[in-house]
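Q: Could you have a look at this structure, given as structure tokens, before my questions?
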Amino acid sequence: MIAIIDYGAGNIKSVEKALELLGENTVVSSDPEVIKSADKVILPGVGSFGSAMENIRKLGLEKTIREVTDNGTPFLGICLGLQLLFESSEESPGVKGLSILPGKILRIPDKDGLKIPHMGWNSLEFPRKTKLFGHLSQEPYVYFVHSYYLKADDEDIVAATTQYGVTIHAAVEKGNVFACQFHPEKSSDVGLSILKKFVDLKEGA
């Protein structure tokens, strides 16, 4: 069973529907015991970094997420869910993230010809072979909607990058923790194949 963490953020339904398309049994929950008992856990979301962290802490989910990531359960962050795994975001100065992975979330710099938020299809490049993306050809297109991007402190965890006025760390993998800035659930067959790779992972991935 796959638990989708409900902390009041948007985009949960589209993730749930994508997993149903893959024939997966899912539960949307903010109950720590339900989340901890799941085979895999997904943290989706769109919205404000600060509001999201406030909700996570209000619901007592910070400790739950840390327990899940510490015990080897495959864990996937999507969009805002990726950003929350890191230390801080320029969107919400002074708000501490989950700090499960080292790095910061920065605003995409203004540049002539580029609209912010970055909304649309961009190609991915893969600096190394990884579990979620190793099956893909180079430069597949995926769908992004964001104004802030990840700059990871440890480049060894970066699984995919894209370019949008700056090099964006578009996905990360470290042990059993995976995260995508883009939306696999909105990225057609490529995105579904990434989600399929995640749901097929064994515990201790």
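Q: Quick one: order MET119, MET1 from most to least accessible surface, probe 1.4 Å. Working shown, then result.
A: Working: MET119 125, MET1 65 Å².
Descending order: MET119, MET1.
Q: Same structure, new question: LEU22 to ARG66: extension gain in nm, 0.36 nm per residue of separation minus the Cα-Cα distance? Let's see the in-between values first.
A: Details: separation 44, 0.36 × 44 = 15.84 nm, distance 2.71 nm.
Taking 0.36 nm per residue and subtracting the Cα distance, the gain is 13.1 nm.
Q: What list of ³J(HN,Hα) values in whole Hz, one per residue of the stretch 39-53 in order, does the Karplus curve 6.51 cos²θ - 1.76 cosθ + 1.60 (θ = phi - 60°) give from phi, with Gly and Pro shown as x?
A: With the stated coefficients, the stretch 39-53 comes to 6, 9, 9, 10, 10, x, x, 10, x, 7, 4, x, 5, 5, 5 Hz.
Q: Ok, one more. Would you mind telling me the share, in percent, of accessible area of the stretch 101-205 contributed by carbon and sulfur at probe 1.4 angstrom? Intermediate values should be presented prior to the final figure.
A: Working: 2380 of 4900 Å².
Roughly 49 percent of what the probe reaches on the stretch 101-205 is carbon or sulfur.
Q: Accessible surface of TYR148 in the full protein assembly, 1.4 angstrom probe, to the nearest 10 Å²?
A: Around 40 Å² of this residue is reachable by solvent.
Q: Continuing with this model, one more query. Are any of the pairs LYS36/LYS186; LYS63/LYS186; LYS151/LYS174; LYS36/LYS131; LYS13/LYS36; LYS129/LYS151 more than 25 Å apart by Cα-Cα distance, and if so, which? Present the calculation step by step, with values, prior to reporting the outcome.
A: On the way: LYS36/LYS186 27 Å; LYS63/LYS186 29 Å; LYS151/LYS174 15 Å; LYS36/LYS131 23 Å; LYS13/LYS36 21 Å; LYS129/LYS151 20 Å.
Violating the 25 Å limit, Cα to Cα: LYS36/LYS186; LYS63/LYS186.
Q: Output ³J(HN,Hα) for the stretch 93-100: one whole-Hz value per residue in order, computed from phi by the Karplus curve 6.51 cos²θ - 1.76 cosθ + 1.60 with θ = phi - 60°, and x for Gly and Pro.
A: Per-residue couplings from phi come out as x, x, 8, 7, x, 5, 6, 6 Hz.
Q: A further question follows. Taking amide H positions as placed 1.01 Å from N in the peptide plane, with prolines and chain starts having none, which residues 5 or more places from THR167, or on another chain, fall under 5 Å of its amide H?
A: none
Q: Rank these by accessible area, largest first, 1.4 Å probe: VAL68, VAL166. Kindly include the intermediate steps, with their values, before the conclusion.
A: On the way: VAL68 0, VAL166 35 Å².
Ranking VAL68, VAL166 by accessible area, largest first, yields VAL166, VAL68.
Q: Note the listed values (1) 48, 39, 29; (2) 59, 42, 27; (3) 45, 35, 30, then indicate which one is Cα extents along the principal axes in Å calculated from this particular structure.
A: Answer by label: (1).
Q: GLY77's amide H: which non-local residues (gap 5+, or another chain) put their own amide H closer than 5 Å, with H modeled 1.01 Å from N in plane and none for Pro or chain starts?
A: Amide H neighbours of GLY77, under 5 Å, 5+ apart: LEU43, PHE178, ALA179, CYS180.
Q: Per residue, how much accessible area does the stretch 67-201 show when a 1.4 Å probe rolls over the protein heavy atoms, in square angstrom? Walk me through the numbers before you get to the answer.
A: Numbers: 5600 Å² over 135 residues.
For the stretch 67-201, the solvent-accessible area averages 41 Å² per residue.
Q: Under a straight-distance cross-link criterion of Cα-Cα below 17 Å, which aspartates and glutamates are reachable from LYS104, leaving out those fewer than 8 residues away in the same chain?
A: The reachable aspartates and glutamates, counting only those whose Cα sits under 17 Å from LYS104, are GLU87, GLU90, GLU91, ASP153, ASP154, GLU155, ASP156, GLU173.
Q: Here is a further query. Relative contact order, percent, of the chain when contacts are C-alpha pairs under 8 Å separated by at least 6 residues?
A: Numbers: 453 pairs, mean separation 40.9, N = 205.
The value is 20 percent.
Q: Order these peptides, 90-99, 190-199, by their mean beta-carbon neighbour count within 10 angstrom, highest first. Write out the running numbers ahead of the final one.
A: Working: 90-99: 15.2, 190-199: 19.5.
Top to bottom by mean Cβ count within 10 Å: 190-199, 90-99.
Q: SER37 to LYS96: FRET efficiency via 1/(1 + (r/R0)^6), r the Cβ-Cβ distance, R0 30 Å, to the nearest 0.05? List each step's numbers first, then the result.
A: On the way: r = 27 Å, r/R0 = 0.91.
Once the sixth-power term is evaluated, E becomes 0.65.
The values are calculated or read from the model by the stated rules, or taken from the named source; none is laboratory data. From a predicted model like this one, the values you see are computed outputs, not experimental measurements. Reconstructed Cβ throughout: ideal geometry from the backbone, glycine too, with neighbour counts over all protein chains shown. What goes into the accessible areas is simple: the full protein's heavy atoms, side chains included, and nothing from ligands, DNA or RNA. Shrake-Rupley method; radii C 1.70, N 1.55, O 1.52, S 1.80 Å.
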